[in-house]
Amino acid sequence: MENGYVILGIIALLFLSMYGYSYLSVAMEKMKLKKEKKIEAHKEELRRQQRLKNQEIRDEKFRKFNKRKEEIKHELMLLEKMKEKQKAV
């Protein structure tokens, strides 16, 4: 009877170890997918931040360009007025 319990224990241990071994591969795969998903989300966040930074740079260049354009337009208008005054005199 005592040997029967030992044999049953060994068989139970065998089945538990087989279950644990098969579940371990599934658990490792889930952990790997979770880690890859986290890395991908981090990369996507970096890309998003880079796009925002580039957009800010483009907006700043556009603002400077428009400011310079207005300055040139203003200077041309002043030159035109001076030209008209010289013709009138």
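The values are calculated or read from the model by the stated rules, or taken from the named source; none is laboratory data. Computed from a prediction, not measured in an experiment: that's the story for all the values here. Ideal geometry is used to build each Cβ from the backbone, glycine not excepted, and the neighbour counts take in all protein chains shown. The area values use the complete protein model at the heavy-atom level, side chains included, leaving out ligands, DNA and RNA. Shrake-Rupley method; radii C 1.70, N 1.55, O 1.52, S 1.80 Å.
Between 0 and 90 degrees, the angle of helix 2-88 with respect to the longest Cα principal axis of the chain falls at about 0 degrees. When the solvent-accessible area of the range 9-89 is split by element, carbon and sulfur atoms take up 65 percent of it, the probe being 1.4 Å.
Looking at the chain, the accessible area is 103 square angstrom per residue; that uses a 1.4 Å probe and ignores ligands, DNA and RNA. Computed about the Cα centre, the dipole magnitude for the chain is approximately 1020 debye when only Lys and Arg (+1) and Asp and Glu (-1) carry charge, each at its Cβ. Each helix, a run of at least 4 DSSP H residues, gives -39500 (n - 2.57); summed and divided by the residues of the chain, these come to -37500 deg cm²/dmol at 222 nm. Note on residue 81: lysines with a C-alpha under 24 Å away, same-chain residues under 8 apart excluded, are 67, 69, 73.
Listed by chain and number, the aspartates and glutamates whose alpha-carbon sits under 17 Å from that of residue 83, ignoring those within fewer than 8 places in the same chain, are 75.
Sorting 24, 13 on solvent-accessible area from highest to lowest, probe radius 1.4 Å, gives 13, 24. Ranking 1, 50, 65 by how far each Cα lies toward the positive end of the dipole of the chain (charges on Cβ) leaves 65 at the top.
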